[in-house]
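Asker: Structure incoming, see below.
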Amino acid sequence: MTIAFIDWSLDVECPHCEKEVDLVLYDSDSGDNSIAGLIFTNQWDELKGWMIECPYCHNDFHLSRVEY
């Protein structure tokens, strides 16, 4: 039997400190996995305006869009 694994990330650069933030980890830490639900049901537009707190510099910013 051959098993496939999904390995994914949703990366965004913080506009304040310019560090890369993986929103999959960010979303997993929040416990609700809202981002994953919207991505895997093709509701990407629902993420427009999503507020993100950078885990590095702790400044807030909003997601403009998701591109594939």
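Since every read-out is calculated from the coordinates, none of them should be taken as a lab result. Here the structure is a predicted model, which is why all the values come from computation and not from measurement. Every residue, glycine as well, gets a Cβ built from its backbone with ideal geometry; the counts of neighbours run over all protein chains shown.
Asker: Report, in deg cm²/dmol and to the nearest 500, the calculated mean residue ellipticity at 222 nm for the chain, where each DSSP H run with n ≥ 4 adds -39500 (n - 2.57) and the sum is divided by the residue count.
Answerer: The helix contribution divided over the chain gives -5500 deg cm²/dmol.
Asker: How large is the charge dipole for the chain, taken about the Cα centre, if only the Cβ atoms of Lys, Arg (+1) and Asp, Glu (-1) carry charge, to the nearest 20 debye?
Answerer: In total the dipole reaches around 120 debye.
Asker: Taking 0.36 nm per intervening residue step and subtracting the Cα-Cα distance, what contour gain separates Cys17 from Ser34 on full extension?
Answerer: Stretched fully, the Cys17-Ser34 segment lengthens by 3.7 nm.
Asker: Work out the P(r) tail for the chain: percent of alpha carbon pairs separated by more than 19 Å, whole number.
Answerer: The share of Cα pairs beyond 19 Å in the chain comes to 33 percent.
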